[in-house]
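Below is one structure, written out as structure tokens, with a few remarks after it.
The values are calculated or read from the model by the stated rules, or taken from the named source; none is laboratory data. These numbers come from a predicted model, not from an experiment. Note: ideal-geometry Cβ built from the backbone for every residue, glycine included; neighbour counts use all protein chains shown.
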Amino acid sequence: MTGASEPAAEPRAGSLLVAAPSMLDPNFMHTVVLLCAHSPDGSLGFVLNRPSPVSTSDLDSELELLATRKESLFTGGPVSPRELHVLHRTGRGVPGSLPVVDGVALDGEPDALHAALSDADPAVARVRFVAGYAGWSAGQLDAELAESSWIVCPADARTIFDGRPETLWRRVLRAQGGATAALADLPPDPSWN
């Protein structure tokens, strides 16, 4: 979990976007999104706290990477929900992967990723399979940040692969301390009080 510190002011690849309590869009309400790419042209991220009832063993795939795994499949966002992505930490580089933060990377060549995960030290290796992603066109994320729809926080591997997704949103907010921590107890709509 990210340590008690001030939230990062500006979004960048490798930071978290934590939905503000006022975020009522059902795709993002109470979500924690790992931002993997951010530029003037747009942004790409993955929701970390929406497990689906499907596991990788339920997928009909000939890829050895999927056929031999039994992890939960997470809903990464509303864009391209049939597109599969893999967040991973293997302790070594995987060709074709995009570094994100703290030794965590996105995707890569499937056979090389399978080999890296198979050979990795179990104390180090982590993997998260996500279907779909969250995407923002040029200027869209900046506009949502200006409306205070998101809180930008630092990310780390422990948060990315957290095993308790149902409480992740509150725990990330509380870990920030100060006024940000207090947001974890606010209802999405003040009239719900």
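At-a-glance table
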read-out: Selection count where residues are in contact with a strand residue (DSSP E or B) (Cβ under 7 Å, 6 or more places away or on another chain), at pLDDT 95 or above and part of a helix (DSSP H, G or I), scope region 160-186; value: 6
read-out: Within region 108-128, considering residues that are in a helix (DSSP H, G or I) and among the small types (Gly, Ala, Ser), the one modelled with the lowest pLDDT; value: Ser118
read-out: Checking Ser97 against (1) free of Cβ contacts under 8 Å to residues at least 40 places away in the same chain; (2) in contact with a Pro (Cβ under 9 Å, 6 or more places away or on another chain), the condition it does not meet; value: (2)
read-out: Members of region 144-182 that are in contact with a Phe, Trp or Tyr (Cβ under 9 Å, 6 or more places away or on another chain) and over 15 Å from Leu34 (Cβ atoms); value: Glu144, Ser149
read-out: Pairs, first farther than 28 Å from Gly91 by Cα in region 117-142, second of a type in the set (Asp, Glu) and surrounded by 13 or more Cβ atoms within 10 Å (Cβ to Cβ), C-beta under 9 Å, six or more apart; value: Trp136/Asp142; Trp136/Glu144
read-out: Subset of region 147-159 (residues that are part of a helix (DSSP H, G or I) and of a type in the set (Ser, Thr, Tyr)); value: Thr159
read-out: Number of positions in region 111-143 that are more than 20 Å from the chain's Cα centre (by Cα) and more than 20 Å from Ala19 (Cα to Cα); value: 11
read-out: Selection status of Met23, among the aliphatic types (A, V, I, L, M), closer than 16 Å to Pro78 by Cβ and modelled with pLDDT under 95; value: yes
